[in-house]
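Below: the structure, in structure tokens.
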Ligand code: HSE
């Protein structure tokens, strides 16, 4: 798992710690020189996806490419979810996840609610970190600045020095890069996670029962449920409901999301996020 983009980590830290709105935080990140010239690649997760594809190839020796990475960015995140996250003990981060077991691989980049005691939850501002759980070694983490003029200059110079050294050694372009494993992408039914949903629900008798039955039918159990009335005028017929599930498979998550979007009692699924953080 990794935080591999400095711009988005800077923006999310500002939103989470100081309640700064997204647009202002992005502007600050641009002024500090963290963002790419066009920040779309940062905020939509593409820069992080490229890095995760490279890391997954190197780590698992399987030919993952960018098209295999499921990506979603941070440009439509709302401060409301950060506030609920705080109540629930979560920190919002743009997380790259790469997982390889039974010779099957999954790679994704998305905003994730991290349990606040996870080592990556304390990686702040433009800092990046890659958290590796190795079969024998257990937990390891590599940490440092991920954007900014001097860190970028250091990375560029390091590559230039490598090229010169390899040229002198006569080994440029001879690196062994053939992957050891054929690429087999993990199916949704073999991918697991916990999920957070924020729903706008009609404030009427039986609404809760209807929602619970959608989850029950799929055998998804709840870890937490919160309900709060919606404040702004004309919205007094609605309630805001937060559901945190126990671990379930990705196919069941997708199915329950579809059911929630189609059931009459739910006016809108405002947001949903993956939750990560139990240290293995
Ligand atoms: N724009 C990138 C970032 C720079 O914010 O992480 C380093 O890739």
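Only the coordinates and a few stated rules stand behind these numbers; no lab work does. Fair warning: this is a prediction, and the values are worked out from it, not measured in the lab. With ideal geometry, Cβ positions are generated from the backbone for all residues, glycine too; neighbour counts draw on all protein chains shown.
So here's what we get for this one:
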{"read-out": "Segments 258-264, 161-167, 268-274 sorted - mean Cβ within 10 Å per residue, highest first", "value": "268-274, 258-264, 161-167"}
{"read-out": "Cα-based shape type of region 147-280, given that a ≥ b ≥ c are square roots of the gyration tensor eigenvalues and the cut on a/c is 1.5", "value": "prolate"}
{"read-out": "Fully extended contour minus Cα-Cα distance, from residue 59 to residue 219, at 0.36 nm per residue", "value": "54.2 nm"}
{"read-out": "Simple label model, 7 Å out from Cα along Cβ direction - residue 267 to residue 190, nm", "value": "4.3 nm"}
{"read-out": "Nearest 10 degrees, 0 to 90: helix 250-262 Cα axis against the chain principal axis", "value": "40 degrees"}
{"read-out": "Peptides ranked, highest mean first, by Cβ atoms within 10 Å: ranges 185-191, 198-204, 2-8", "value": "2-8, 198-204, 185-191"}
{"read-out": "Cα gyration tensor, region 148-224 - rounded (a/c under 1.5), prolate or oblate", "value": "oblate"}
{"read-out": "Simple label model, 7 Å out from Cα along Cβ direction - residue 167 to residue 83, nm", "value": "5.8 nm"}
{"read-out": "Computed over region 159-280: relative contact order in percent, which uses C-alpha pairs under 8 Å that are six or more apart", "value": "36 percent"}
{"read-out": "222 nm mean residue ellipticity, helices alone, for the chain (DSSP H n ≥ 4; -39,500 (n - 2.57); rounded to 500)", "value": "-11000 deg cm²/dmol"}
{"read-out": "Cβ-Cβ FRET estimate between residue 143 and residue 30, R0 fixed at 30 Å, reported to 0.05", "value": "0.80"}
{"read-out": "Full-stretch length increase - residue 102, residue 136 - with 0.36 nm per residue and alpha-carbon distance subtracted", "value": "10.6 nm"}
{"read-out": "Folded to 0 to 90 degrees: helix 22-31 orientation relative to the chain principal axis, Cα", "value": "20 degrees"}
{"read-out": "Helix axis angle, 79-88 relative to the chain longest principal axis, alpha carbon, degrees", "value": "80 degrees"}
{"read-out": "Net length gained if the chain between residue 153 and residue 116 were fully extended (0.36 nm per residue, minus Cα distance)", "value": "10.1 nm"}
